[in-house]
Each structure stands twice: as structure tokens, then as C-alpha cells.
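Here's the structure we're looking at; comments come further down.
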Amino acid sequence: MPDLMADLQGIDRVIWSIVFILIAAAVSRWQESDLEKDLLIATFRSFVQLIAIGYVLELVFTSNSPPFTLLILVVMTMIAGRTTGNRAKKKTPHAQSIALVSIGVGSALTLALLVVLGVFPFTPQYIIPIGGMIIGNAMTTATLVITRLTTDFNEQRNMIESKLALGATSRQASLSQFQRTIKSAMSPIIDTTKTVGIIKLPGAMTGMILAGASPLEAVQLQIIVMYMLVGAATFTGLIAAYLTYRQFFTPMHQLVFDKG
């Protein structure tokens, strides 16, 4: 009975939280922003997706099966790669493959280091939530890198071709664009890392405190989370930048476009 009452209380809180969506939709309609439909669709989808993943995770946690854990991580990675690839495929050749490889390798390297170093055990309760954060962050970084680098190559084509004409290699001719892209993609997470604990209390820390953990325990976990996300963003960003840059040059260091 106490568990049932706790569940009902949780559902009651969820229902009340929908008030914020209704207020946002009302403001949108008042200001004629035309966001009501998107807000309602996003709310419905997030509700269904989160409830569904809740049941799936409960099943996986109960079974404690490494193959199921890996399967979920692979599915997450494939969806992330597809999402990033769809954003960039119009202007970037092989965007889907670049996104999948960069997100997959960057996330796998980060997770492998966490497990090998003994930071987290390879159990569903740890690996799936941590993997989700890593893959989501890697997806954001890959999207920023691929789209920004492609835009720079298109907008600064004449400058790059001039450097090539003077004898520069493809790497030398595009180095400034490469560096600028990495800095731009990494800036959000670096700025967040600089201001964490001052401007906001991040999700992992807030969740632990709300669950009853001591602030110091929550801080320790948050430090680990922040540093692993920086690592994942770095791995993913460098891989995505390198693979994207290679799409615009031939083996003879010629700049090419419209490859597909």
C-alpha cells in the first residue's frame, strides 16, 4: 500500500507539471508565436518515450545482462548518429557515416576508460545512464563540428584554394578552419565546466540531492560527470572534424565539393 500511494503521488506531481506546458502554450498563442502544436507534440512524445524507457530500464536492471546493456548503448548511438547525420547530410558528404563513427568511437573510448579505471562498474544501473549522458553530449558536439566545418569550407573556399595554390597541403590550408571549429564546438561545455556550481547546479548533482544524498557525495559524482563529458566531447569533436575535413579534399590535396 505505501508503494502504491508513493506511485500515485508521483503521478499527481507529473500531472501538475503539465501546467507549465499549458502556460507556455497559452503565452505562445497570445503572442501568435505558433508554437502550441510543437509544444504539445514534444510533451506527448517525451511522456511516452520516458515511460517506455522506464519500463525497459527496469527490465534490464533486473536481468543485469551485459548483452542487453550493450544493445541499448548501440541503439542510443545509432539514433544519435542518425539525428546528427540528418542535420548535416545536405551539405556534408557521408554525414551519416561521419556522425556514427565519431559519436560511437568517442563514446566508446570514454566509457571504456571509465570502466577500466574503475570509476564505474559495468552494470546497467551505472553504464546506461552514464552512457546516455555521454552519447547525448557527443551527439551535440558532432553536430556542431560537422555543420560548422562544412560551412567554413564553403564560405572560405577561395582562401583555402589560394593556400593550396601556394603549395600548402590540405591540412595546412584548412588548419585555421579546423581549429576554429573545434574551439567553437568545445566552448559550450568548457564554459559550463568553468561556471558549474556558481551559476547552476547540474542535473546529476541536483538529482542526487533530491534523492537524499549528501551534497558532498553529489559533488563528487558531478565532478566525474563533468570531466567525462569534456573527454567525450574532445574525442568526438576531433574525430568528427578530421573525418569531415577529409571529405573535401582529394588524395592530391585538391579542394572538392558536391561529392554526393
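The values are calculated or read from the model by the stated rules, or taken from the named source; none is laboratory data. Only a predicted model underlies this, so the values are computations on that prediction, with no experimental measurement involved. When we count neighbours, we look across all protein chains shown, and the Cβ atoms used for this are built from the backbone with ideal geometry, even at glycine.
A compact table of results
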quantity	calculated
Some residue of region 105-123 being in a helix (DSSP H, G or I), within 30 Å of residue 154 (Cβ to Cβ), small (Gly, Ala, Ser) and assigned by TED's automatic domain parsing to the domain that holds residue 150	yes
Residues that are surrounded by fewer than 20 Cβ atoms within 10 Å (Cβ to Cβ) and not in a helix (DSSP H, G or I), drawn from region 90-104	90, 91, 93, 94
Test result for residue 88, touching a residue at least 12 places away in the same chain (Cβ under 8 Å) and among the small types (Gly, Ala, Ser)	yes
Any hit, region 190-197, residues being surrounded by fewer than 18 Cβ atoms within 10 Å (Cβ to Cβ), at pLDDT 85 or above and under 30 Å from residue 119 (Cα atoms)	yes
Any hit, region 149-161, residues being in contact with a helix residue (DSSP H, G or I) (Cβ under 6 Å, 6 or more places away or on another chain), of a type outside the set (D, E, K, R) and modelled with pLDDT of 90 or more	yes
